[in-house]
Each structure stands twice: as C-alpha cells, then as structure tokens.
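Working notes for the structure below.
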C-alpha cells in the first residue's frame, strides 16, 4: 500500500489514544485502567465485518484500517476511543517507511 499523499481533510476523526495500565490488588490479581496519552486525528475505513452465531447470541466483529500521522510509541494493545466507540489496535506499521503516516488494523468493540 503506497501512501505518497494523504488528503489532510481525510484525517477528520478525533480519537483519544489510550494505554492499559495494571495495578496489583493485593489479592494476587490486578486492576486494569486505561490512561489517555494523546489526542489525534485519523481516517477510519471499515475493512471486514463478521457475524458469528453461537450459544443463543450473535457476536459481531468489525475491523478497520486507521490511518494517522506518524508518531513514536504507538503499538498493538493500545486503543483509540471516541465517546463510546472503542477501536482496539491490533497491528501498527509505517507503509512506506518514511515516518509520515502509520496504518493500524483495529477491531471495534461492541460492534
């Protein structure tokens, strides 16, 4: 995928970039909480939609391609949040290795 030019107007979705932190709970377990690291703008494109039915329920999964300006420290396991919409980052890569843009594959929670 070549990203020689990305229209800046396409990066119009504002997200909070969050990272999970764990705190021991003194009972042998831990508590997870999400910390906001930054606000960024991205282009979001749906890629696949799956519907799996089992145990009397339907599980919907939507994956997206998320394109944003290049930044250090972005990695899988983080997430993007916009109000109640949450995108879990699965993969991160620099498509043309120029440190201009990053493309993430993300899975939407509760889709």
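Coordinate-derived values only; no laboratory data. Computed from a prediction, not measured in an experiment: that's the story for all the values here. Cβ sites come from the backbone with ideal geometry, for glycine too, and all protein chains shown count toward neighbours.
With r defined as the distance between the Cβ atoms of residue 47 and residue 84 and R0 fixed at 22 Å, what FRET efficiency is calculated, to the nearest 0.05?
Rounded to the nearest 0.05, the efficiency is 0.55.
Using a Gaussian network model of the chain in which every pair of alpha carbons under 10 angstrom is joined by a spring, one finds that among 25, 94, 56 the greatest mean-square fluctuation is at 56.
Counted residue by residue at 0.36 nm each, then reduced by the alpha carbon distance between them, the extension gain from residue 21 to residue 33 reaches 3.8 nm.
Please work out, to two decimal places, the log10 of the ratio I(q)/I(0) at q = 0.16, 0.19, 0.22, 0.25 Å⁻¹ from a Debye calculation in which every Cα of the range 10-108 carries one identical scatterer. Result of the Debye calculation: -0.75, -0.94, -1.12, -1.30.
Taking the Cβ-Cβ separation of residue 60 and residue 100 as r and a Förster radius of 30 Å, what is the calculated FRET efficiency to the nearest 0.05?
The calculated FRET efficiency here is 0.35.
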